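Participant: First the structure, then my questions, so here it is.
The values are calculated or read from the model by the stated rules, or taken from the named source; none is laboratory data. If you're wondering where the values come from, they're calculated on a predicted model, not measured in any experiment. Surface accessibility is based on the protein's heavy atoms, side chains included, excluding ligands, DNA and RNA. Shrake-Rupley method; radii C 1.70, N 1.55, O 1.52, S 1.80 Å.
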Amino acid sequence: QVQLVESGGGLVQPGGSLRLSCAASGSIFSFAVMAWYRQAPGKQRELVASISTGGITNYANSMKGRFTISRDNANNTVWLQMNILKPEDTAVYYCNVRQFGGNYWGQGTQVTVSS
């Protein structure tokens, strides 16, 4: 079993920055992919970014150049640095771990971009 705890959400003005953190505990396998998803009101959950154990990253087009995902394999932690935030980035952001035998989610952290 895997437990994920996110932190770092909040209210920020347009153009501002936030850094989300996710600490994973439990049985994390060596080749687990860690990712961030988001879900805005009335919309489907969508991938923001993912990162493999080896550091290979993948971003949704609208986040490229603004968001950066990183991870610490030794401590099973993943971060999402979000810059130049826009009102349309407002959503609940979820941490995700996908590995053989399971797909796990955190409880989500709210990010609100508003003046």
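Participant: Of Phe100, Phe29, Phe67, which is the most mobile in a GNM of the chain whose springs link Cα atoms less than 10 angstrom apart?
Facilitator: Phe100
Participant: Thr53 accessible area, nearest 10 Å², 1.4 Å probe?
Facilitator: 50 Å²
Participant: Once you have all Cα-Cα distances for region 47-115, histogram them in 10 Å bins from zero and send the whole-percent values.
Facilitator: Histogram of Cα-Cα distances, whole percents per bin: 17, 52, 26, 4, 0.
Participant: Another question, if that's okay. Can you sort Glu46, Glu88 by 1.4 Å-probe accessible area, starting with the largest?
Facilitator: On the way: Glu46 75, Glu88 120 Å².
Putting Glu46, Glu88 in descending order of accessible area: Glu88, Glu46.
Participant: Next question, about the same structure. Classify the chain from the C-alpha gyration tensor, please: rounded if a/c falls under 1.5, else prolate or oblate depending on whether a/b exceeds b/c. Before the final figure, lay out each step's value.
Facilitator: Working: a/c = 1.91, a/b = 1.70, b/c = 1.12.
Prolate, because a/c is 1.5 or more and a/b exceeds b/c.
Participant: Where a ≥ b ≥ c are the square roots of the eigenvalues of the C-alpha gyration tensor, would you call region 23-71 rounded, which needs a/c under 1.5, or, failing that, prolate if a/b is larger than b/c, or oblate?
Facilitator: oblate
Participant: For Val5, Val92, give me the order by solvent-accessible area with a 1.4 Å probe, most accessible first, ignoring ligands, DNA and RNA.
Facilitator: Descending order: Val5, Val92.
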